[in-house]
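See below for the structure under consideration.
Derivation of every value follows stated rules applied to the coordinates shown; laboratory data play no part. On a predicted model such as this, the values are computed, not experimentally measured, just so you know. Virtual Cβ from ideal backbone geometry, glycine too; neighbours counted across all protein chains shown.
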Amino acid sequence: MTASVAQSRKAGIAAFIGTVLEWYDFIIYGTAAALVLNKVFFPSSDDITGTLAVFATYAVGFLARPLGGLLLGYLGDKVGRKAVLVLTLILMGGATTLIGCLPTYEQIGIWAPILLILMRLIQGFGAGGEYAGAVVLSVEHAQEGKRGAAGAWAPLGFAVATLLANAVFFSVRAVMTEDQFLQWGWRIPFLLGAVCVLVGYLIRRNIEEPPAFEKAQTEKKTDKIGLFSAIQRDPKSFFIVIGSRMGENGFAYFYPVFCMAYVTKTLNMEQSLALWAVIIASAVQLFTIPFYGRLSDKIGRKPVYIGGTLFSMIWLVPFFMLLGTGSATAMILGFAVGLGVAYPAMLTPQASWYAELFSTEFRLSGFAFSREVGSLLAGGLAPFIATALFAWAHHWWPIAVYMGFMGLITLFALALGPETLHRDLNK
């Protein structure tokens, strides 16, 4: 069973726009964590201590992601992909909006960071099912031989979300004084989460279920699925996904979260320059992600993924050396190549590869749960560990070693995994 061209396009656009809106919600926290939340919720006379505290809270959001992946993925395999995508929209958008309404530490003391942590947990739970659901929807609707390109819709949405989140923060910050931004301006990007919920719901409410899922339901395959069926029936794929996430997800948050803080707090460069670097890198991704998706349909998922991992590892030393020059142009070049060119070669083929690793009846639960366990171990801890390593060594070399080690784990997992380019998704 294959979806029509119109259905494929509709599913891809729905995955793209929904992912833009929802991951705007999640990324906006990472941007705020690097720039303002340490001052508002974790006041400290020491910048590094405050940053460590807010990055620890940032990591808390990842604790809920495996649980969200497990439960929401199970729901998506039993009830349908559409129900999950609507639910994740409400969870992530609602939590983001409420963060924008929270009182600060100065107003209610310790309850401020406690409420922030609660919102992060809700965000993380929703995020656990969002990305996998969007990818599975677009890949299962894809035309034959174009699953890599179809899977690229969700990563492209992630790139646009990063671009949008940083552009909003840049715009708000540019028109305000430092005091205005710290007092109330930082809330505006979060309050826009309410708009994301409304627009995303209008787009996703009319999505059709993919043919592969409908076939599985007709054959009653989904009736046999338990909460941990994906792990029990395909443990190898479960561990391959976790391992391959270590480098990819580590780099995903290394650049826009840790490096944003490193550039502004350690190198004392302007916040606006750091935001511009991420914005430009995200703009580059608008071209590299579709290219890598199509390339993975030509030569396979693994070669593109391996190339991106090696490139990301090699670029670490030149990246820090460019930052060390203190030049705005050099910094932007470092981000543009690392985040805009190297990293997407991991992110893009990963989408279709993960969907193709699991059978239809537990595709969403297997994809979502294993991916989010990897998120917790990689991206959730990367900014905190990188900051702690810098606090210990006062130099970037331990951070480069740490990120390189994450890349080696990914290469090992890729070596163990099968090439899935020609796999039949209806089986």
HN-Hα couplings for the range 146-158 via Karplus (6.51, -1.76, 1.60; θ = phi - 60°), in whole Hz with x for Gly/Pro, come out as 10, 5, x, 5, 5, x, 6, 4, 5, x, 5, x, 4
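Translational diffusion coefficient, Stokes-Einstein: compute it for the chain using the Kirkwood radius over C-alpha pairs as Rh, at 37 °C and 0.692 mPa s, and state it as an integer in µm² s⁻¹.
Result for D is 155 µm²/s.
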Beyond 18 Å (Cα-Cα) in this structure, taken from K146/K298; K146/K236; K39/K265; K146/K302; K78/K215; K82/K146, we find K146/K236; K82/K146
Residues other than G73 with Cβ under 13 Å of its Cβ, Lys/Arg counted +1 and Asp/Glu -1, net out at +1
Applied in sequence order to the range 245-262, the curve 6.51 cos²θ - 1.76 cosθ + 1.60 (Karplus, θ = phi - 60°) yields integer Hz couplings, x standing for Gly and Pro, of 6, 4, x, 4, 6, x, 5, 4, 9, 4, 6, x, 10, 4, 5, 4, 5, 4
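Give me Rg/Rg_expected for the range 336-422, where Rg uses Cα atoms only and Rg_expected = 2.2 N^0.38 Å with N residues.
Normalised Cα radius of gyration, the range 336-422: 1.29.
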With -39,500 (n - 2.57) per DSSP H segment of 4 or more residues and division by the full residue count of the chain, the 222 nm estimate, nearest 500 deg cm²/dmol, is -25000 deg cm²/dmol
